[in-house]
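Here the structure comes first, spelled out in structure tokens, and everything after it is commentary.
The values are calculated or read from the model by the stated rules, or taken from the named source; none is laboratory data. Only a predicted model underlies this, so the values are computations on that prediction, with no experimental measurement involved. Counting neighbours? That spans all protein chains shown, and the Cβs are built from the backbone with ideal geometry, glycine included. Side chains included, ligands, DNA and RNA excluded: accessible areas come from the protein's heavy atoms. Shrake-Rupley method; radii C 1.70, N 1.55, O 1.52, S 1.80 Å.
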Amino acid sequence: MTGIRACIFDAYGTLLDLRGAVAPFAGSLGVQADALLALWRSKQLEYSWLRSLTAQYADFARITSDALDYACEVVGQEATRVRPQLLEAFDRLPAYPGARELLDALRAAGLKTAVLSNGTPAMLKAVLGSSGLLGGLDAVLSVDSLGIYKPSPVVYRLPSNALGIPAEALAFVSANAWDAAGAAGAGLQVIWVNRDGAPRERLPDGPAVQVRSLGDVPEALRVFGLVG
């Protein structure tokens, strides 16, 4: 576990706080806000996996819209009334505290930084720009160029190809356990940001390191010998 030359980050839920998609509408959604977000996110992932498995790719903007339509129908008229604004808010998600500082610190330490995401290039440009993270990244990589979603192994080869760095010299940081497992299976050295203290997934591969926040990533890299 040595010789890391770049840190690759998942975007949604790792660097970007998904709660920002519903927070502006807490007044109109009330107690349904959390339920709407949870269903929206679960359907978003479910549709990405199903479309990958059935070879019926649609880009992440379409999947995000379809998932929101489903969630709004379940939640009811309160959500349907603000549906256009909810979709717009997804492109303006805030960064988690310390995210930009982390990117800057890693680059100051001589590491390259990148995002590897299901989002389309346009979605990622919008949300990373509005959140202030775009300037802290050397590359923004989208599955859209492949036409298949995470956790397909081919997705996790994108950073190596784009940066010219072998997989074993890449640290991959994600708050999504399934994403962490997929990256580990593809040979990346994975740090799982386990904010909620969830149990380890029952999957063949898993993260090398668990941390509780983005702020713990630099120390994890040092303690576990991933960087000098």
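Quick check: anything in segment 54-61 part of a helix (DSSP H, G or I), in contact with a strand residue (DSSP E or B) (Cβ under 9 Å, 6 or more places away or on another chain) and of a type outside the set (A, V, I, L, M)?
Taking every residue of segment 54-61 in turn, at least one turns out to be part of a helix (DSSP H, G or I), in contact with a strand residue (DSSP E or B) (Cβ under 9 Å, 6 or more places away or on another chain) and of a type outside the set (A, V, I, L, M).
Somewhere in segment 27-50, is a residue in a loop (DSSP other than H, G, I, E, B) and more than 22 Å from LYS150 (Cα to Cα)?
Yes, some residue in segment 27-50 is in a loop (DSSP other than H, G, I, E, B) and more than 22 Å from LYS150 (Cα to Cα).
Looking only at segment 1-22, which residues are in a helix (DSSP H, G or I) and in contact (Cβ under 8 Å) with a residue 60 or more places away in the chain?
Passing the criteria: LEU18, GLY20, ALA21.
For segment 6-60, give me the residue count where each residue is open to solvent by less than 60 Å² (accessible area, probe 1.4 Å), among the hydrophobic types (A, V, I, L, M, F, W, C) and farther than 18 Å from THR80 by Cα.
11
Scan segment 75-83 and tell me whether some residue there is in contact with a Ser or Thr (Cβ under 8 Å, 6 or more places away or on another chain) and within 23 Å of SER152 (Cα to Cα).
no
I need the full set of residues from segment 184-224 which are within 25 Å of VAL143 (Cα to Cα) and in contact (Cβ under 8 Å) with a residue 60 or more places away in the chain, in order please.
Within segment 184-224, LEU188, GLN189, VAL193, ALA208, LEU214, VAL217 meet the criteria.
Look at SER117 and say whether it is within 17 Å of the chain's Cα centre (by Cα), within 17 Å of ILE63 (Cα to Cα) and of a type in the set (S, T, N, Q).
It is true that SER117 is within 17 Å of the chain's Cα centre (by Cα), within 17 Å of ILE63 (Cα to Cα) and of a type in the set (S, T, N, Q).
Please enumerate the residues belonging to segment 61-73 that are touching a residue at least 12 places away in the same chain (Cβ under 8 Å) and open to solvent by 20 Å² or more (accessible area, probe 1.4 Å).
ALA61, SER65, ASP66, ASP69, TYR70
Of all the strands (runs of 3 or more DSSP E) wholly in segment 74-176, which have at least 1 residues that are open to solvent by 40 Å² or more (accessible area, probe 1.4 Å)?
Qualifying strands (runs of 3 or more DSSP E): 112-117, 139-142.
Which one of ASP179, ASP205, ASP196 is surrounded by 22 or more Cβ atoms within 10 Å (Cβ to Cβ), over 20 Å from ALA108 (Cβ atoms) and acidic (Asp, Glu)?
Result of the check over ASP179, ASP205, ASP196: ASP179.
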